[in-house]
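The values are calculated or read from the model by the stated rules, or taken from the named source; none is laboratory data. Remember, it's a predicted structure, so these values are computed and weren't measured experimentally. Here the Cβ is made from the backbone with ideal geometry for all residues, glycine too, and neighbour counts use every protein chain on show.
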Amino acid sequence: RTVFVNGEYLPETEAKVSIFDRGFLMADGVYEVTSVLDGKLIDFDGHLKRLERSLNELGIQKPAEFDDLLEIHRKLVADNGIEEGMVYLQITRGSPGDRDFVFPDPETTRPTLVLFTQNKPGLADNPVAKQGIKVISIEDIRWGRRDIKTVQLLYPSMGKMMAKKAGCDDAWLVEDGFVTEGTSNNTYIVKGGKIITRNLSNDILHGITRAAVLKFAREAQMEVEERPFTIEEAQGAEEAFFTSASAFVMPVIEVDGVKVGEGKVGPVATRLREIYLDESRKAGI
Ligand code: PMP
């Protein structure tokens, strides 16, 4: 696999980052994941805009190559022959020559830019989406700036492990009695045909797939309400689902051992997945 590190395309075995990199030592970095369908990038502009916002919020400089990011994405997709899969991009505050809590001088320490691809054949025609997944709920103990897409993913990773241990696929995070989001996705329920999802704030990541799916839902005359909901409300809903760039729209059929609706994939999630995949393929670049 060819990867990209700080201006260079290299075989993955030759790519290197310093042991003093602040991404490695302090999770001082941000990332984006863009899906590839039919060899094309999905929602690329949205991911780049959010990347820019994440960098601004943390005061990390744009790497010099920022304007070339589309070209780098495309070259990696082509060179690695990706038809369906992902491009992962990470920018950290860089690698000063030592460990220090104080941010390094941006004049001497440049941000680190890394990109690589992941080949995922069958990403769109995923059999899991036809079956639906099961989730558990866990307390949301993450920091208060979840709107910034940082590489600080230990708790979400632990949440997935807790779900796995419980025989489930993912965990929904709960704060003050309300679901914030999933470990790596935005969460939804359907009640009376209406789509309900938590409103945007610093409490959740502003999902690029969320924005697209809500736009398509409104265009299809489906009703949308943006407000927090509880686990009990989800358990009593007609349907539940989540969205993310790598899973698109994913039906959720069980929450904490309780079936949602009839415990089967519902029509709203199915339709939104179809619309999202159709429209995204058309708009892919
Ligand atoms: N919330 C969290 C915590 C996430 O990690 C992700 C995926 N990166 C999302 C939501 C979904 O965002 P997107 O649709 O942009 O992938």
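Overview of values
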item	result
Selection from the range 213-229 of residues that are in contact (Cβ under 8 Å) with a residue 12 or more places away in the chain and over 14 Å from residue 135 (Cβ atoms)	213, 214, 216, 217, 220, 222, 223, 224, 225, 226, 227, 228
Positions within the range 218-260 being among the hydroxyl-bearing types (Ser, Thr, Tyr) and not in a strand (DSSP E or B), in sequence order	230, 246
Verdict on residue 24 being modelled with pLDDT under 95 and closer than 25 Å to residue 104 by Cα	no
Residue 96 vs. criteria at pLDDT 95 or above and more than 20 Å from the chain's Cα centre (by Cα)	yes
Neighbours by Cβ (under 7 Å, 6+ apart or cross-chain): first from the range 186-212, assigned by TED's automatic domain parsing to the domain that holds residue 140; second away from the ligand (no atom under 12 Å from the Cβ) and assigned to a helix (DSSP H, G or I)	189/233; 189/234; 190/268; 195/217; 195/268
Scan of the range 89-111 for residues that are touching a Phe, Trp or Tyr at 6+ places or on another chain (Cβ under 7 Å) and either touching a residue at least 60 places away in the same chain (Cβ under 8 Å) or surrounded by fewer than 17 Cβ atoms within 10 Å (Cβ to Cβ) (or both), ordered by number	90, 93, 95, 96, 97, 98, 99
The range 146-182: number of residues that are closer than 23 Å to residue 230 by Cβ and either modelled with pLDDT under 95 or of a type in the set (A, V, I, L, M) (or both)	8
Matching residues, the range 178-198, being within 24 Å of residue 148 (Cβ to Cβ) and away from the ligand (no atom under 14 Å from the Cβ)	178
Wholly enclosed helices (runs of 4 or more DSSP H) of the range 3-87 bearing at least 2 residues assigned by TED's automatic domain parsing to the domain that holds residue 110, touching a residue at least 60 places away in the same chain (Cβ under 8 Å) and surrounded by 21 or more Cβ atoms within 10 Å (Cβ to Cβ)	22-26, 44-58
Selection from the range 204-226 of residues that are within 16 Å of the ligand (Cβ to nearest atom) and in contact with a Gly (Cβ under 8 Å, 6 or more places away or on another chain)	208, 211, 212
Residues being within 16 Å of residue 265 (Cα to Cα), polar (S, T, N, Q) and assigned to a loop (DSSP other than H, G, I, E, B) - total across the range 121-173	1
Residue match in the range 266-280 (condition: touching a helix residue (DSSP H, G or I) at 6+ places or on another chain (Cβ under 6 Å), closer than 19 Å to residue 215 by Cα and in a strand (DSSP E or B))	no
Residues of the range 171-188 satisfying the condition of being surrounded by 24 or more Cβ atoms within 10 Å (Cβ to Cβ) and farther than 17 Å from residue 206 by Cα	171
